[in-house]
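What follows draws every value from the coordinates through simple rules; no lab data is involved. Given the structure is predicted, the values throughout are model-derived calculations rather than measurements. Positions of Cβ are backbone-derived with ideal geometry, glycine not excepted, and every protein chain shown enters the neighbour counts.
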Amino acid sequence: MKLIIKDGIVVDPYNGIKEALDVLVEDGQISKVAKNIRHKSAEVIDAAGNLVCPGFIDIHVHLREPGYEYKEDIASGTRAAAAGGFTTVCCMPNTDPVVDNGAVAAFIRDKARQTGVVNVLPIGCISKGQEGNEITAMGELKEAGCIAVSDDGKPVMNSSVMRNAMTYAKMFKLPVLSHCEDLHLSRDGQMHEGFYSTYYGLPGIPAEAEELMVARDLLLARLTGAHVHICHISTMGSLNLIRQARKEGIHVTCEVTPHHLTLTDETVGSYDADTKVNPPLRSREHVEALWEGIKDGTIDCIATDHAPHHQESKDCEYNLASNGISGLETAVAVIMDRLVNQGIIDLEKMVQLFTAGPARIMGLEKGTLNPGSTADITIIDPNLKKRVDITKFNSKGKNTPFKGLELQGWPCLTMVNGVIAARDGLIV
């Protein structure tokens, strides 16, 4: 099968390309990137006025299967990913049963091959049962296809266990993805601790609840030499700690979510439980610090932390609601509209944070349009304006604080392994 993507603006930050070029796809691979490509038997995709990028990668999603299929399953989650412009997703292990052994990881890989429409890479648990007491058999997890370990959503409070986990993860060349939260400080908190938590009458979670654990894990990474990746960073203090750690040669990377980049704690005043996330939406000064962290390269990638929930767990009192946002289908448009179009970050940086950045963190041979690489491609229409319509979501989770907003700059085609998976938000 041969395809030519014609007349688009190719944006490939890994290779420093931002230019009007054609892309030839043959037999599932990028064959050529050049001007005026012609091929008699190739199907032509007109990309005039659009941005042709390496396939977007999300290293932090919750596909919920096995165990919570009423919230999401691999079929619906990967369709949401394709509609949102993502060609590869890495799924977190807090399923039921959790991914603390090779059998569950193998199940996810097999189910993704059967029902998924994008590439799915499982992440295994740091500790057995996600209980934080005993580390998993990481060699078995890697052999079953896991590309990293994490107890996502449940911080490993025991520093000795985390040290051992980092030591073993380094042996198997697995990044340790850390959910940094001191549960003693965050207990019963509902939103960021500050002016608005007092004003709204909701218990607060101080920034230090994140920053204390970031500091601990950086020290443990220095001790062990492991690669620690800080999930969903949300505070300026965490950024400063990471900057200093890198100066000392500590192997640390970090991610940020679209909602932490574009929403503040003031948004919680609607008491809409779709604004309830962990870590919580922070104050304006923290949001602006995250912008600076992107500009200076401290932040390595954008990840959605896609957390779909059923309606009952969000349509309730704020303090009873589940944490999380269904983010795969809106992430790219939110970043385009609220950051790129506003001049806060440039286009090349945005594409890098969704492609080469996450690929480098996870050690994936993806994130570029190099000839010979797998034809995972995301095409964005920078002029397309649409409202966020949750009734058209492919995800079972409709929980998003962006519902009803008009955004400009949407993915219009997603190609996975040389095959079109989604076009104009619809699964092909």
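Set the Förster distance to 51 Å, then compute FRET efficiency between residue 167 and residue 386 from the Cβ-Cβ distance, nearest 0.05. Approximately 0.60, to the nearest 0.05. Among 323, 394, 240, whose mean-square fluctuation peaks in a Gaussian network model of the chain (Cα, cutoff 10 Å)? Most flexible of the set in this elastic network: 240. Using the alpha carbons alone, the radius of gyration of region 28-157 stands to its Kirkwood radius in an Rg to Rh ratio of 1.11. Near residue 182, the amide H atoms lying under 5 Å from its own belong to 210, 213; only residues 5 or more places off or on other chains count, and H is placed 1.01 Å from N.
Potential lengthening of the chain between residue 17 and residue 319 amounts to 104.0 nm, from the contour at 0.36 nm per residue minus the alpha-carbon distance.
Counting Lys +1, Arg +1, Asp -1, Glu -1, what net charge surrounds residue 407 among other residues with beta carbon under 10 Å of its beta carbon? Here the charged neighbours net out to +2.
Using C-alpha pairs under 8 Å with a sequence gap of at least 6, the mean separation divided by the residue count of region 305-379 gives a relative contact order of 17 percent. By the Kirkwood approach, averaging reciprocal distances over each pair of separate Cα atoms, region 84-157 gets a hydrodynamic radius of 12.3 Å. Annotation: for a label point projected 7 angstrom from Cα along Cα→Cβ of residue 406, residues of region 382-397 with backbone N closer than 13 Å are 384-388. The modelled label-to-label distance for the pair residue 222/residue 2, using points 7 Å beyond Cα in the direction of Cβ, is 5.8 nm.
Taking a Cβ cut-off of under 14 Å around residue 29, the surrounding Lys, Arg, Asp and Glu residues balance to a net charge of -1, with basic ones at +1 and acidic ones at -1. Grab every C-alpha pair in region 270-331, bin the distances at 5 angstrom width from 0 up to the longest one, and report whole percents. Cα pair-distance distribution for region 270-331, in percent: 4, 16, 20, 22, 18, 11, 7, 2, 0. DSSP assigns beta bridges within the chain; of those with both partners inside it, close to 55 percent run antiparallel.
Write down Rg/Rh for region 87-227, rounded to two decimals, with Rg from the C-alpha atoms and Rh from the Kirkwood relation over Cα pairs. On the Cα set of region 87-227, Rg over Rh gives 1.05.
Summary value for region 118-188: 32 percent relative contact order, contacts being C-alpha pairs under 8 angstrom separated by 6+ residues. Can you give the net charge of the other residues whose Cβ lies under 13 Å from the Cβ of residue 374, counting K and R as +1 and D and E as -1? Summing Lys and Arg as +1 and Asp and Glu as -1 gives -3. Computed over Cα pairs, the Kirkwood radius of region 209-281 leads via Stokes-Einstein (0.890 mPa s, 25 °C) to a diffusion coefficient of 185 µm² per second. With both labels modelled 7 Å from their Cα along Cα-to-Cβ, the residue 311 to residue 365 distance reads 4.7 nm.
Along region 364-372 the Karplus relation, 6.51 cos²θ - 1.76 cosθ + 1.60 evaluated at θ = phi - 60°, assigns HN-Hα couplings of 9, 8, 9, x, 9, 10, 4, x, x Hz to successive residues, with x for each Gly and Pro. Counting only DSSP beta bridges whose two residues both lie in region 1-118, roughly 60 percent are antiparallel.
Charge dipole of the chain (Cα centre as origin; +1 on each Lys and Arg Cβ, -1 on each Asp and Glu Cβ, all else neutral): 1000 debye, rounded to the nearest 20.
Here, region 253-364 yields an orientationally averaged convex hull projection of 7.3 nm² when only Cα atoms define the hull.
The alpha-carbon of residue 18 sits under 22 angstrom from the alpha-carbons of these lysines, leaving out residues fewer than 8 places away in its chain: 6, 32, 35, 295, 349, 366. With helices as the sole contributors, the chain gives -8000 deg cm²/dmol at 222 nm; each DSSP H run of n ≥ 4 counts as -39500 (n - 2.57), and the sum is divided by every residue. Per residue, the convex hull spanned by the Cα atoms of region 272-428 amounts to 128 cubic angstrom.
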